[in-house]
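Visitor: One structure coming up, written as structure tokens, with questions to follow.
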Amino acid sequence: MSNGTQDEDLMTPTTLTILPVEERLDGIVPDVERIVLEPLIAEVEQLKAERNAVVLAHNYMTPDIFHGVADLRGDSLQLARLAATTDADVIVMAGVHFMAETAKIVNPDKTVLIPDLRAGCSLADSITAADIRLLRQRYPDVPVVTYVNTSAEVKAESDVTCTSSNAVAVVESLDSDRVIFLPDQYLGRWVASQTDKEIILWHGSCEVHERFTGAELREYRTAYPGIQIIAHPECPPDVLDEADFVGSTSGMIDWVKDELPRQVVMVTECSMSDNVAVESPQTEFIRPCNLCPHMKRITMEGIRDALLHMRHEVHVDPAIAERARSAVDRMLAVGARR
Ligand code: 13P
Ligand code: SF4
């Protein structure tokens, strides 16, 4: 199995080609949906121009958002980097709350909006700042590496953050033989399998990826001989053992574009396959469908309303943001890895 380590400049996030509104969803959604969506996309474009706003979209957004209104698209690390460098006054985060908070942490002077405040994450809910303070008492002098899928308060208690694309590189960058890695036990175990450092785990998990099983993947291999299986490292170890490649959401997308498999199963949230299939006509995507209910809170209407009413603005207490920013900046200084 490969973990496909690559240099950062090969990991360019995708930027929406500016097509006329009426061409953006051509062949991507049924015509009956286009009739409803195109006026909404036109409204979003008008509002973006009036507000000097950009829409940053995670790879799990539905194809109408991903191909219709996203100015910049990517995985968590790419979205954090893009948020840190945009010239726009307003960032609309088409993703979940921790992504919007990260955008605000790296960009305190900009207005960051999230279309639906209920777009959370089971990993972010699995740990509090008080939990980290207790861990530090139990393991004094052991550095804390925190997955970005956490609240600003948790990041503020951490030494450095990481994403699925750079977790191994971040852990390796630390001058310590032991590392506390939280909150995702499965990503932590994946990292432990890639490094000689001792990893102390927390018990969080992603409610979407923990549902996949190795047995299910073996059934795909029987049903589709020769199929390639690529998986997100939030999956349990028996799933990752079955995979031909393990990587972040953008790592998986790049892998399909580079390897051009005949048939592939992307073991992650299902909107990804819909989005990548548009740009990879050579590949047949076999689709297990585990949806992230939080990501699916973000809709085209919600993005339009966010820009129309300038809601829901994401605020982070400045003292917490400053401490969280040093953990995020430390991560951004480490090269991106798949
Ligand atoms: P990526 O950083 O790989 O996009 O993952 C984010 C996420 O929430 C996956 O469930
Ligand atoms: Fe969180 Fe899992 Fe949804 Fe990603 S897929 S946002 S880790 S609940």
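Visitor: So which residues in region 79-98 are among the aliphatic types (A, V, I, L, M) and within 14 Å of Met331 (Cβ to Cβ)?
Guide: Within region 79-98, the first condition is being among the aliphatic types (A, V, I, L, M), and the residues that meet it are 79-80, 82-84, 88, 90-94, 96.
Matches in region 79-98: Leu79, Ala80, Ala83, Ala84.
Visitor: Next question, about the same structure. With respect to Thr128, is the statement that it is under 24 Å from Pro293 (Cα atoms) and more than 16 Å from ligand 2 (Cβ to nearest atom) true?
Guide: Values: under 24 Å from Pro293 (Cα atoms): yes; more than 16 Å from ligand 2 (Cβ to nearest atom): yes.
In short, yes.
Visitor: Is it the case that some residue within region 219-242 is within 21 Å of Asn149 (Cβ to Cβ), among the acidic types (Asp, Glu), touching a helix residue (DSSP H, G or I) at 6+ places or on another chain (Cβ under 6 Å) and within 14 Å of ligand 1 (Cβ to nearest atom)?
Guide: Yes: region 219-242 contains one or more residues that are within 21 Å of Asn149 (Cβ to Cβ), among the acidic types (Asp, Glu), touching a helix residue (DSSP H, G or I) at 6+ places or on another chain (Cβ under 6 Å) and within 14 Å of ligand 1 (Cβ to nearest atom).
Visitor: Moving to a separate point now. Look through Ala152, Ala124 and report the one residue that is among the aliphatic types (A, V, I, L, M) and within 15 Å of ligand 1 (Cβ to nearest atom). Reasoning before the result, please.
Guide: On the way: Ala152 fails: within 15 Å of ligand 1 (Cβ to nearest atom).
Only one candidate qualifies: Ala124.
Visitor: Only one of these conditions is not met by Leu56: (1) surrounded by fewer than 21 Cβ atoms within 10 Å (Cβ to Cβ); (2) within 16 Å of ligand 2 (Cβ to nearest atom). Which number is it?
Guide: (1)
Visitor: Taking the condition of being within 16 Å of ligand 2 (Cβ to nearest atom) and within 16 Å of Ala88 (Cβ to Cβ), how many residues in region 59-77 meet it?
Guide: Result for region 59-77: 2.
Visitor: Still on this structure, I have one more. Looking only at residues that are within 15 Å of ligand 1 (Cβ to nearest atom) and assigned to a strand (DSSP E or B) in region 256-292, which one is farthest from Cys206 (Cα to Cα)?
Guide: Step by step, filter region 256-292, then rank; the result is Met266.
Visitor: Can you go through His209, His203 and tell me which one is touching a residue at least 60 places away in the same chain (Cβ under 8 Å), within 28 Å of Arg73 (Cβ to Cβ) and within 16 Å of ligand 2 (Cβ to nearest atom)? It would help to see each step written out before you state the result.
Guide: On the way: His203 fails: within 28 Å of Arg73 (Cβ to Cβ).
Going through His209, His203 in turn, the sole match is His209.
Visitor: Among the numbered criteria (1) of a type in the set (S, T, N, Q); (2) away from ligand 2 (no atom under 15 Å from the Cβ); (3) touching a strand residue (DSSP E or B) at 6+ places or on another chain (Cβ under 8 Å), which single criterion is violated by Gln46?
Guide: Going through (1) of a type in the set (S, T, N, Q); (2) away from ligand 2 (no atom under 15 Å from the Cβ); (3) touching a strand residue (DSSP E or B) at 6+ places or on another chain (Cβ under 8 Å) one by one, Gln46 breaks only (3).
Visitor: Restricted to region 270-297, and to residues that are at pLDDT 95 or above, within 11 Å of ligand 2 (Cβ to nearest atom) and surrounded by 15 or more Cβ atoms within 10 Å (Cβ to Cβ), which residue is farthest from Glu210 (Cα to Cα)?
Guide: Here the residue is Arg297.
The values are calculated or read from the model by the stated rules, or taken from the named source; none is laboratory data. None of the values given here were measured: they were computed from a predicted structure. Please note: Cβ atoms are built from the backbone with ideal geometry, for glycine as well, and neighbour counts cover all protein chains shown.
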